[in-house]
1. Quick one: in region 11-35, which of the residues that are acidic (Asp, Glu) and loosely packed, with under 13 Cβ neighbours inside 10 Å is farthest from the ligand (Cβ to nearest atom)?
2. For a quick check of your reading of the model, give me the residue pairs whose first member lies in region 65-90 and is farther than 18 Å from Val20 by Cα, whose second is away from the ligand (no atom under 13 Å from the Cβ) and of a type in the set (D, E, K, R), with beta-carbon atoms closer than 8 Å and at least 6 apart or on different chains.
3. Which pairs do you get when a residue that is in contact (Cβ under 8 Å) with a residue 40 or more places away in the chain and more than 15 Å from the ligand (Cβ to nearest atom), found in region 99-127, comes within reach of a residue that is among the hydrophobic types (A, V, I, L, M, F, W, C) and part of a loop (DSSP other than H, G, I, E, B), reach meaning Cβ atoms under 8 angstrom, with the pair 6+ apart or on two chains?
4. Go through region 64-77 and report how many residues are hydroxyl-bearing (Ser, Thr, Tyr) and near the ligand (Cβ under 8 Å from one of its atoms).
5. Scanning for something within 22 Å of Tyr140 (Cβ to Cβ), within 13 Å of the ligand (Cβ to nearest atom), part of a loop (DSSP other than H, G, I, E, B) and of a type outside the set (A, V, I, L, M, F, W, C), does region 36-58 turn up at least one residue?
6. Looking at Thr61, Thr80, which one is within 8 Å of the ligand (Cβ to nearest atom) and hydroxyl-bearing (Ser, Thr, Tyr)?
Amino acid sequence: MSDKESNWKFADEIVVEPEVIARARQQSLELGIDPIAPSVGAQAAVVAAATDASSIVEIGTGVGVSGLWLLTGGTHATLTSIDSELDHQQHARTFFTEAGIQSNRVRLITGRALDVLPRMNENSYDIVFVDADPQSVIEYVEHGLRLARPGGTVLVAHALWKGRVSDPAQRDDVATGFRTLVTETAASGAVVSALSPVGDGLLQITKLSE
Ligand SMILES: C[S@@+](CC[C@H](N)C(=O)[O-])C[C@H]1O[C@@H](n2cnc3c(N)ncnc32)[C@H](O)[C@@H]1O
């Protein structure tokens with residue numbers, strides 16, 4: 001194993017996942033829903049805590065693994081989470097309750113993200129977390145940058161998409177979409193961005209004040 005591989009493995013395995021999130025992860029895997037890695041969750045929690053986030057949007061609730069991590073860091077935050085599958089959100093609601101999170105801190109919206117996002121207020125959110133269907137990731141980030149307040153951050157899970165983004169020979173739509181996103185945000189003067197290799201990759205994009 002190379003140094004980089006052992007660093008990556010260590011960073012992933014060192015995270016201690018709270019018990020409720022570990023159970024949500026198990027449920028997610030049983031339902032065939034891909035949850036974020038514990039290291040990605042921990043990093044999202046750090047961003048939420050470091051920015052003292054009060055309002056978070058999540059695109060792709062799943063059964064709540066990422067939302068629980070975000071609220072672990074954003075201890076006073078409210079979470080608005082969108083998913084097209086009611087069944088997934090019902091499981092998530094159970095885990096939020098079991099984690100002791102007050103119901104008025106979590107608003108679950110059932111619907112297709114591209115139908116819901118245009119109706120949401122711009123410049124209003126501290127964090128927008130993107131983890132739904134990867135084919136639409138660029139549109140989700142465009143909406144996320146509109147919804148984020150200046151200084152707010154868009155977090156994009158799976159930004160290295162199964163090792164395919166770093167390999168230019170991989171030209172499928174999803175790998176190309178993530179690669180374009182990473183490249184364009186790195187070159188943009190309107191944001192600062194960083195690509196973390198934890199888990200399956202986490203792209204962090206902070207919107208600069210004008
Ligand atoms: C990878 S899972 C999310 C996992 C979750 N973020 C976690 O870490 O626990 C992707 C989710 O996006 C939802 N989804 C897929 N297409 C969607 C769409 N067009 N609009 C909203 N949600 C969608 C799926 O139902 C699924 O729950």
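1. Glu13
2. His76/Asp52; Ala77/Arg105; Ala77/Asp126; Thr78/Arg105; Thr78/Arg107; Thr80/Arg107; Ser81/Arg107
3. Filtered contacts from region 99-127: Asp126/Ala53; Asp126/Ala77.
4. Of the residues in region 64-77, 1 are hydroxyl-bearing (Ser, Thr, Tyr) and near the ligand (Cβ under 8 Å from one of its atoms).
5. no
6. Answer to the check: Thr61.
Bear in mind these aren't lab numbers, they're just calculated from the coordinates by the rules spelled out. Keep in mind that this is a model prediction, so the values were computed, not measured. Note: ideal-geometry Cβ built from the backbone for every residue, glycine included; neighbour counts use all protein chains shown.
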